[in-house]
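Take a look at the structure below.
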Amino acid sequence: MKKIIVAIDGYSSCGKSTIAKQLAQYAGYTYVDTGAMYRAIALYALETLPLYSPTPLLPLESLDFLEENIHLTYSPDLCLNGQPVESKIRSLEVGNMASKVSPIPAVRQFLVAQQQAMGQAKGIVMDGRDIGTVVFPEAELKLFLTARPEVRAQRRFDELVAKGEHPIFEEVLKDVNDRDYRDTHRDISPLRQAPDAIVIDNSDLTREQQMQTIYDIFDRHH
Ligand code: DC
């Protein structure tokens, strides 16, 4: 059967990664979480770049610096310069730094080239913010995930409570709205729906309904 590229973009806290991972498993495809790549560079910035104080993020503006100093590999989990990083990159601190490093043009150029190389053999499900628009504008299947901000805030709120934190719902909702604004208004590769993307609003779908919808779409596309 012909292998395709599946590009999944969408707002934060829509369950993109879980959906992409499950679809990759269903299809027998490789899953690539591009957010993790931006987070790995953020981790590098936090751990190494204070050396370059008072302009710690300046080195990331050079493609040569990135190519010489940052090596991302999968074995199968994401490694930064040979060290597995999955357990370190999910913190709030790394997430906040990721939103500072991801608008840097050289960082995007560096990561987009690697993402495009990973898709050469097709058979890939990649999730992010610019996959259907910039990384693979020619992807055979593009999904754009969304859900109402209140629904996404409630999901995030429940996750934080499960972690033993004591969030305030209004603050979580404001954070979701602020992130949406930043994601859609940044100058470089803003979150946009590709004209040929299929939009899935999962506000009122159960996980099973959502996955069945996505499997049916996938089956019709390859
Ligand atoms: O999806 P996430 O929260 O792991 O993403 C981390 C950060 O990277 C977030 O600020 C959005 C950014 N990002 C991006 O700019 N482009 C992508 N393709 C994926 C993530």
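The values are calculated or read from the model by the stated rules, or taken from the named source; none is laboratory data. This is a predicted model, so every value here is computed, not measured. We place every Cβ from the backbone using ideal geometry, glycine too, and count neighbours over all the protein chains shown. Heavy atoms of the whole protein, side chains included, go into the accessibility calculation; ligands, DNA and RNA do not. Shrake-Rupley method; radii C 1.70, N 1.55, O 1.52, S 1.80 Å.
Amide H contacts under 5 Å for residue 32: 125, 126, 127, restricted to partners 5 or more places along the chain or on a different chain, H placed in the peptide plane at 1.01 Å from N.
For region 1-59, trypsin sites (Lys or Arg not before Pro) are listed when DSSP marks them as loop and at most 15 other Cβ atoms sit within 10 Å of their Cβ; the list is 2, 3.
Helical runs (DSSP H, four residues minimum) scored at -39500 (n - 2.57) apiece and divided by the length of the chain put the mean residue ellipticity at 222 nm at -15000 deg cm²/dmol. For the residues 147, 117, 24, a GNM of the chain with alpha-carbon springs under 10 Å puts the largest fluctuation on 117. Counting only protein heavy atoms and a probe of 1.4 Å, the accessible surface of region 115-209 is 52% carbon and sulfur. Magnitude of the charge dipole for region 34-166, about its Cα centre and with charges confined to Cβ atoms of Lys, Arg (+1) and Asp, Glu (-1), is about 420 debye.
When its C-alpha radius of gyration is set against 2.2 N^0.38 Å (N residues), region 1-103 gives a value of 1.20.
Packing here is the average count of other Cβ atoms within 10 Å per residue, and on that basis the peptides 48-58, 172-182, highest first, run 172-182, 48-58. Rounded, prolate or oblate, given the Cα gyration tensor of the chain, with a/c below 1.5 counting as rounded? Since a/c reaches 1.5 but b/c is at least a/b, the shape of the chain is classed as oblate. Surface analysis of the chain yields an accessible area of 52 Å² per residue, using protein heavy atoms and a 1.4 Å probe.
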